[in-house]
Amino acid sequence: MQSTEAEPKAKAKKEAAHPSGDKRFKVLDMTMKRNQYRQDALIEVLHKAQEAFGYLEEDVLMYVARGLKLPLSRVYGVATFYHLFSLKPQGAHTCVVCLGTACYVKGANALLEGLEKDCGLKSGETTEDGQVSLVTARCIGACGIAPAVVIDGVVAGKQTREAIVNRIKEYL
């Protein structure tokens, strides 16, 4: 019986695939390969992972850490440092309240308290129906229009408690 050269390659490729068979991991493999498995591509790989999976679950973080040959603590540290990454599933709509210095001084804390009280949400939570997630950020870089929030990726400046609560209640 004659063995072909393709058989060992196919076997190696199959062994390298994620055990779950989830094709989204292939997207991560392609992103890591395109970046030549460079450790400095971590943020780009995490963005692709979140795009593919919706959030960064532990299994995905471990997969990225192994692929880039980084300690899990470093991958986790980056994923938790940047507010755009989420370790939990997000709602259909996301509201990010900036708590940077300029926004805080101009009343961002009152915006957050209003959302928590009037909408029954706490920072970092998603409504039971999965419609709205409320998160905070250290700074979104919109200091000139403080207090600012980001709703579904769109920055809204000079917000009032009433305006933001009414906007979010539309989604509930």
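Give me the pairs: first residue in segment 34-54 and outside any helix (DSSP H, G or I), second residue of a type in the set (Asp, Glu), beta-carbon distance under 8 Å, and six or more apart or on different chains, which are they?
Listed pairs, sorted by first residue: 35/44.
Among the listed residues 157, 130, identify the single one that is loosely packed, with under 14 Cβ neighbours inside 10 Å and either in contact with a strand residue (DSSP E or B) (Cβ under 6 Å, 6 or more places away or on another chain) or among the small types (Gly, Ala, Ser) (or both).
Exactly one of 157, 130 is loosely packed, with under 14 Cβ neighbours inside 10 Å and either in contact with a strand residue (DSSP E or B) (Cβ under 6 Å, 6 or more places away or on another chain) or among the small types (Gly, Ala, Ser) (or both), namely 130.
Suppose the filter is outside the structural domain of residue 22 (by TED's automatic domain parsing), touching a strand residue (DSSP E or B) at 6+ places or on another chain (Cβ under 9 Å) and closer than 19 Å to residue 25 by Cα; does residue 88 pass it?
yes
Which count do you get for residues in segment 99-141 that are within 20 Å of the chain's Cα centre (by Cα) and assigned to a loop (DSSP other than H, G, I, E, B)?
Residues that pass the stated criteria total 15.
Restricted to segment 55-78, and to residues that are surrounded by 14 or more Cβ atoms within 10 Å (Cβ to Cβ) and small (Gly, Ala, Ser), which residue is nearest to the chain's Cα centre (by Cα)?
65
Could you tell me how many of the residues in segment 124-158 are closer than 16 Å to residue 172 by Cβ and not hydrophobic (A, V, I, L, M, F, W, C)?
Here the count works out to 9.
So if I check each of 50, 39, 90, which one is modelled with pLDDT under 90 and on the phi < 0 side of the Ramachandran plot?
From the options 50, 39, 90, the qualifying one is 90.
The values are calculated or read from the model by the stated rules, or taken from the named source; none is laboratory data. Bear in mind that the values here come from a model prediction, so they are computed numbers and not experimental data. When we count neighbours, we look across all protein chains shown, and the Cβ atoms used for this are built from the backbone with ideal geometry, even at glycine.
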